[in-house]
Amino acid sequence: MTYLDMTIAAPELLLAAVGLFGVLIGAIIGDGVSSVSRAAAAASLAAAAVLSAMQIDDGVLTAFNGLYQTTPFIAFAKAVALGVGAGALFMAGGYLKREGLERYEYALLAVFSGLGIGVMLSSNNLMTLYMGVETLSLSSYVLAAFNRDSRRSAEAGLKYFVLGALASGLLLFGASLVYGYTGAADYAGIAEADMTVGLTFGLVLMLIGLAFKASAAPFHIWTPDVYEGAPTPVVAFFATAPKIAAVALFAHIMFNVFGAFEDAWKDIVAIVAALSMMIGALGALGQYNIKRLLAYSSIANVGFALMGVAAGEALGAPAVLVYMTIYVATTLGIFGGVLAMRRRDGMVEDV
């Protein structure tokens, strides 16, 4: 690891250091540092967002012998994702105190989720990609089931874990096929390979895994149940930081890894986008729970964003980023309103 590597990967190194230090302090002191750890975690996510934003004008930067790379597209997506993640964590304080969920692990899980977001977005190799995706996913499973005394929360965490494990398996199997038929694990080597039947199968399996992470139809089935059952501030985090990260990663992989094979995936992405818009809009009509309604809203909005992916890199890349930035900013505000709605007997979640 050189000094240049550390400079380029500064956002992820910051989050890793804060997370590991927080685990040590939390293990020694316990929940007495919960509020402090939440403030420190929000500050570290915000600082990582600033560090990512500073890399937007630096062009293409590569570190760790090509395993890690950041581009203006990736740096912008990371900055927005980590920034709204800090906002979601900041909003969670009042809810956690009222519901008796003020534990130091919550903030640390958010930090490790941010670390996973940074690693998977800046990955330049299939191995780095999977490490980032799993770091985010494992943290998210625990966050979904964070309210251990709630049957709904436990059910949400279990469903998310089982379906997420299936999607991760498909993503990993697809990555192994891509590696097997191209002989390369780095993105540049894959992009230079010739299209074969085996590579097509790998591409489709990776597309399915990435579509699940973005909650695009028809791989959206987990989204309404997880949104309804997980604690509201956790849902606010899921609907913002991981959402823009998943869509940006989807676009980045399609454009830069499989860009030469656009004819093989363009129509598939267009169909997924159309299904997401239709299922998200129609599924929302019969919802009486606000969080389930917002879950179907997220499915529909992912469909709108994937239209940019189907349009190709030249026209679609800036459109995806602009749309998702506006979406996550407004969604964070909406969940701020949901968190503020409360009666004497608890949260108001029904329309």
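The values are calculated or read from the model by the stated rules, or taken from the named source; none is laboratory data. Please read all numbers here as calculations on a predicted model, not as lab measurements. Positions of Cβ are backbone-derived with ideal geometry, glycine not excepted, and every protein chain shown enters the neighbour counts. Please note that ligands, DNA and RNA were not included when accessible areas were found on the heavy atoms of the full protein model with its side chains. Shrake-Rupley method; radii C 1.70, N 1.55, O 1.52, S 1.80 Å.
Exactly one residue among Val142, Val119 is open to solvent by 30 Å² or more (accessible area, probe 1.4 Å), free of Cβ contacts under 8 Å to residues at least 60 places away in the same chain and part of a helix (DSSP H, G or I), and that residue is Val142. For Asn289, the conditions (1) out of contact with any Phe, Trp or Tyr (no Cβ under 7 Å at 6 or more places or on another chain); (2) within 27 Å of Val119 (Cα to Cα); (3) of a type in the set (S, T, N, Q) all hold with the exception of (2). Does Leu96 meet the test of being aliphatic (A, V, I, L, M) and open to solvent by less than 60 Å² (accessible area, probe 1.4 Å)? The answer is yes for Leu96. Here Val23 qualifies as in contact with a Leu (Cβ under 8 Å, 6 or more places away or on another chain), open to solvent by 40 Å² or more (accessible area, probe 1.4 Å) and part of a helix (DSSP H, G or I). The test for being β-branched (Val, Ile, Thr), without any contact (Cβ under 8 Å) to a residue 60 or more places away in the chain and surrounded by fewer than 19 Cβ atoms within 10 Å (Cβ to Cβ) does not hold for Thr62.
Would it be correct to say that Ala49 is touching a Gly at 6+ places or on another chain (Cβ under 6 Å) and small (Gly, Ala, Ser)? Yes; evaluated as a whole, the condition is true for this residue. Taking the numbered list (1) open to solvent by less than 30 Å² (accessible area, probe 1.4 Å); (2) more than 17 Å from Tyr160 (Cβ to Cβ) in turn, Ala230 passes all entries but (2).
Name every residue in the range 7-20 that is without any contact (Cβ under 8 Å) to a residue 12 or more places away in the chain and either open to solvent by 80 Å² or more (accessible area, probe 1.4 Å) or in contact with a Phe, Trp or Tyr (Cβ under 8 Å, 6 or more places away or on another chain) (or both), in order of residue number. The answer is Leu20, and nothing else.
Looking across Leu163, Leu136, Leu177, one residue alone is touching a residue at least 24 places away in the same chain (Cβ under 8 Å), open to solvent by 20 Å² or more (accessible area, probe 1.4 Å) and under 27 Å from Asn256 (Cα atoms). It is Leu177.
So that you can scan it fast, the table gives a plain yes or no per residue for (1) open to solvent by less than 10 Å² (accessible area, probe 1.4 Å); (2) hydroxyl-bearing (Ser, Thr, Tyr):
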site: Asp225; (1), (2): no, no
site: Val234; (1), (2): yes, no
site: Thr240; (1), (2): yes, yes
site: Ala248; (1), (2): yes, no
site: Ile253; (1), (2): yes, no
site: Asn256; (1), (2): no, no
site: Phe261; (1), (2): no, no
site: Ala264; (1), (2): no, no
site: Ile268; (1), (2): no, no
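Across the range 193-223, the qualifying residues are those that are open to solvent by 30 Å² or more (accessible area, probe 1.4 Å), in contact (Cβ under 8 Å) with a residue 40 or more places away in the chain and not in a helix (DSSP H, G or I), and the one among them that is nearest to Arg148 (Cα to Cα) is Ile221.
Of all the listed residues (Gly100, Gly85, Gly94), the sole one being part of a helix (DSSP H, G or I) and modelled with pLDDT under 90 is Gly94.
Could you check, for the range 66-73, whether at least one of its residues is open to solvent by less than 50 Å² (accessible area, probe 1.4 Å) and over 25 Å from Thr240 (Cα atoms)? Within the range 66-73 (the criterion being open to solvent by less than 50 Å² (accessible area, probe 1.4 Å) and over 25 Å from Thr240 (Cα atoms)), the answer is yes, since at least one residue qualifies.
For the range 145-160, the candidate set comprises residues that are assigned to a helix (DSSP H, G or I) and of a type in the set (Lys, Arg); within that set, the residue that is surrounded by the fewest Cβ atoms within 10 Å (Cβ to Cβ) is Arg151. Pairs linking a residue in the range 304-320 that is closer than 11 Å to Val269 by Cα to a residue that is open to solvent by less than 10 Å² (accessible area, probe 1.4 Å) and outside any helix (DSSP H, G or I), with Cβ atoms under 7 Å and 6 or more positions apart or on different chains, are Leu306/Ala216. For the range 337-348, the criterion of a residue being open to solvent by 50 Å² or more (accessible area, probe 1.4 Å), within 30 Å of Ala75 (Cβ to Cβ) and not aromatic (Phe, Trp, Tyr) is satisfied by no position.
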